[in-house]
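For reference, the structure is listed below as structure tokens.
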Amino acid sequence: MNSEEDVLDFIKNGHQQYLPHLSIDPVIFGYHDQQLKILLLKWKGQNGWGLPGGFIKRREPLSEAAHRILQERTGLEDLFLQQFHIFGDSPYRLQERSVGEFKEKYGLDVDDDNWLFERTLSIGYFALVDYSKVNVRTDFFTEDYEWWDVNAIPRLLFDHNEAVEKALVTLRLQIYHQPIGYNLLPEKFTLPEIHSLYETILGKELDQRNFSKKLVALGLIKKLNEQRSIGPHRSPYLYQFEKEAYEDALKQGIVHTY
């Protein structure tokens, strides 16, 4: 939705295709240079950064809508998606948007009874992606994007800081129950690599010996009969996530609500 013609059609007729009162605003996590990052978009006319998002089609299952919105924004499919909260208590979500605001920020003439001016609740999902494979797509309402370190998130638009905080809490709570690193690490990895990832997500140091034993005991990873040569006398064994355990977690991650 990049041309003004498409945008005007969306504004005028979007309520016929989409549910007016519900949106999905995903928190997209990526991992790069031993940093956990979040994808943010710069919104036109808003002078700030926020989460990507989209509306739900009237006859579209919720999980399909979440995957579609992620695919439209990142170009990726079959992502780990977890629904974690519904947002509707923020004063922002109780405010009505105005015709003047739309004209000033986007240069568009909109009737004062337009469907976009109605109160909207947001369904929060978080996604885990391979940072290197993401192809971010902006649209008419957004002009730039950037990956931000989770420890340096700026003041975001709307109630999106709350969404990021709750997503991070949920991610940390589930880190030993689901193969969180599946989309964040290469297919085959060393124990130091996954150890570093989990320390980054949790924001604390972990005992490496107990950590690896725990992941193996939980059935999340398995040791391969392969080694990576990284220097003289240094050839650590490679590991990978248990695919069956991941697929079970993926299915549950789509349907569970909190």
Is there a residue being modelled with pLDDT of 80 or more, open to solvent by less than 90 Å² (accessible area, probe 1.4 Å) and in contact with a His (Cβ under 8 Å, 6 or more places away or on another chain) anywhere in the stretch 235-250? no
Is it the case that some residue within the stretch 12-26 is in a strand (DSSP E or B), under 17 Å from residue 102 (Cα atoms) and of a type in the set (Lys, Arg)? no
Just the residues that are touching a residue at least 24 places away in the same chain (Cβ under 8 Å) and in a loop (DSSP other than H, G, I, E, B), please, taken from the stretch 34-52. 34, 44, 45, 46, 51, 52
Determine whether the stretch 23-33 contains at least one residue that is out of contact with any Lys or Arg (no Cβ under 6 Å at 6 or more places or on another chain), modelled with pLDDT under 90 and more than 27 Å from residue 85 (Cα to Cα). yes
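Of all helices (runs of 4 or more DSSP H) completely enclosed by the stretch 91-203, which ones contain at least 2 residues that are surrounded by 15 or more Cβ atoms within 10 Å (Cβ to Cβ) and modelled with pLDDT of 90 or more?
160-174, 191-202
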Members of the stretch 141-167 found to be in contact with a Gly (Cβ under 9 Å, 6 or more places away or on another chain) and hydrophobic (A, V, I, L, M, F, W, C), listed by number: 141, 147, 150, 156, 157, 158, 163, 167
Of 78, 6, the only residue that is out of contact with any strand residue (DSSP E or B) (no Cβ under 8 Å at 6 or more places or on another chain), at pLDDT below 90 and under 30 Å from residue 180 (Cβ atoms) is 78
If you go through 71, 83, the only one that is of a type outside the set (D, E, K, R), in a helix (DSSP H, G or I), modelled with pLDDT of 90 or more and within 23 Å of residue 179 (Cα to Cα) is 71
So for the stretch 11-29 (the condition being among the aliphatic types (A, V, I, L, M), over 21 Å from the mean Cα position of the chain (by Cα) and more than 20 Å from residue 73 (Cα to Cα)), does at least one residue qualify? no
Only one residue in 54, 30, 14, 50 is farther than 30 Å from residue 192 by Cα and either touching a Leu at 6+ places or on another chain (Cβ under 6 Å) or crowded, with 21+ Cβ neighbours inside 10 Å (or both). Which one? 50
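The values are calculated or read from the model by the stated rules, or taken from the named source; none is laboratory data. Given the structure is predicted, the values throughout are model-derived calculations rather than measurements. Because the Cβ atoms are built from the backbone with ideal geometry, glycine has one as well, and the counts that use them run over all protein chains shown. Just the protein is used for accessible areas: all its heavy atoms, side chains included, with ligands, DNA and RNA removed. Shrake-Rupley method; radii C 1.70, N 1.55, O 1.52, S 1.80 Å.
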